[in-house]
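Values in this text are rule-based calculations from the coordinates and carry no lab data. Computed from a predicted model, the values in this text were never measured in an experiment. Note: ideal-geometry Cβ built from the backbone for every residue, glycine included; neighbour counts use all protein chains shown.
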Amino acid sequence: MADTTFGPEGWTPDRLGNLAGKTYVITGGNAGAGLQASRILLSKGARVVMLNRNAEKSAAAVAELKAEFGEGAEVSFVRMDLSDLASVRKAAAEVLATVPRIDALVCNAAIAQVPARKLTVDGFESQLGTNHYGHFVLCGMLFDRIEESAGRIVVVASLGYKLGLRTIQFDDMNWEKNYSANPAYSQSKLAQMMFAYELQDRIKAANRNGEVYVCHPGSSATSLISTSGGLKNTVGLVADDQVAHGPNRREGRLS
Ligand SMILES: NC(=O)c1ccc[n+]([C@@H]2O[C@H](COP(=O)([O-])OP(=O)(O)OC[C@H]3O[C@@H](n4cnc5c(N)ncnc54)[C@H](OP(=O)(O)O)[C@@H]3O)[C@@H](O)[C@H]2O)c1
């Protein structure tokens with residue numbers, strides 16, 4: 001049965017009120033879903049701080065958004081490469097020094113379907129390292145600021161978590177034996193979701209404040225696959241498409 005929580009049209013940005021005074025920190029804000037989310041948040045008067053790996057693309061995104069919303073639009077970026085934990089720590093420190101409140105940290109950036117097994121700077125399989133470990137460290141470093149702001153963490157996941165192994169292969173986290181691009185992506189998204197649910201449970205158990213949400217952005221024609229070194233329309237994107245339009249699609253926390 002279709003989910004009608006938000007009415008026949010589903011959830012649309014029109015449902016958002018004025019966001020003046022709120023600050024959103026978003027990873028991968030210079031392209032794809034992250035750029036569109038930044039655009040919507042700015043259109044509602046929010047401040048947006050992007051954490052992006054590429055300074056040139058980020059400057060272009062900031063210029064594009066300022067051209068659209070005016071020079072006064074509060075949009076900026078901090079350089080951060082999720083595949084390099086030292087860079088994540090440095091960026092988080094810069095955010096803590098310059099961003100006094102965080103109403104939401106949106107863990108959006110990702111790579112997908114990296115065709116050949118690669119390792120991050122820190123020696124982790126690239127998709128798990130970038131998508132999960134990078135965000136794990138970032139969330140840990142920014143958590144207190146988010147809590148002080150009565151904010152939330154939003155993990156952009158994927159219904160692709162249902163594909164591949166459907167579990168975490170703890171005996172070979174670096175995929176040394178059986179690397180395959182799509183299962184490794186699926187596992188990285190599953191890891192992000194498991195982290196999110198566990199974090200929410202631990203926040204509650206510790207009587208701390210903060211909410212954690214998991215969302216699936218739907219099947220979107222972005223540069224996700226091509227910038228990760230793979231071909232568009234390979235099995236993962238098609239599969240994401242199939243699950244995205246299936247009966248389980250929901251907004252907010254996936255169950
Ligand atoms: N598109 C879909 O159909 C789909 C379906 C399900 C889930 N998702 C999820 O939606 C989210 C957004 O994906 P998208 O489709 O918008 O992809 P996208 O257009 O490729 O954008 C991904 C963003 O992540 C950034 N990024 C990649 N590696 C990074 C790193 N090491 N450090 C920092 N930033 C990095 C990219 O930076 P560069 O611009 O420098 O590459 C880009 O800004 C992802 O979490 C993805 O798993 C997408």
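As a rough footprinting exposure proxy, the listed residues Trp11, Trp175 were ranked by other beta carbons within 10 Å of their own, and the order from fewest upward is Trp11, Trp175. Rounded, prolate or oblate for the chain? Axes are the square roots of the Cα gyration tensor eigenvalues, ordered a ≥ b ≥ c, and the cut-off for rounded is a/c under 1.5. Rounded shape, in that the Cα axes give a/c under 1.5. Computed per residue of the chain from DSSP H runs no shorter than four, each worth -39500 (n - 2.57), the mean residue ellipticity at 222 nm is -12000 deg cm²/dmol. Taking a ≥ b ≥ c as the square roots of the eigenvalues of the alpha-carbon gyration tensor, the stretch 114-204 is classed prolate because a/c is 1.5 or more and a/b outweighs b/c.
Put in order of Cβ neighbour count within 10 Å, fewest first, the listed residues Ser220, Ser149, Ser87 become Ser220, Ser87, Ser149.
Computed from the C-beta positions of Glu71 and Thr5, the FRET efficiency with R₀ = 41 Å rounds to 0.60.
Taking only the Cα atoms of the stretch 32-77, the ratio Rg/Rh comes out at 0.91, with Rh defined as the Kirkwood radius.
So for each of 31-41, 206-216, 49-59 I average, over its residues, the number of other beta carbons within 10 Å; can you give me the resulting order with the highest mean first?
For the peptides 31-41, 206-216, 49-59, the packing ranking is 31-41, 49-59, 206-216.
Near the amide H of Ala46, within less than 5 Å, lie the amide hydrogens of Leu19, all on another chain or at least 5 residues away, with H placed in the peptide plane.
Order the peptides 101-112, 155-166 from the highest to the lowest mean number of other Cβ atoms within 10 Å of their residues.
For the peptides 101-112, 155-166, the packing ranking is 101-112, 155-166.
Spacing of the modelled spin labels on Thr227 and Glu198, each 7 Å from Cα toward Cβ, amounts to 2.8 nm.
Of all beta bridges that DSSP places with both ends in the stretch 20-244, some 5 percent have antiparallel geometry.
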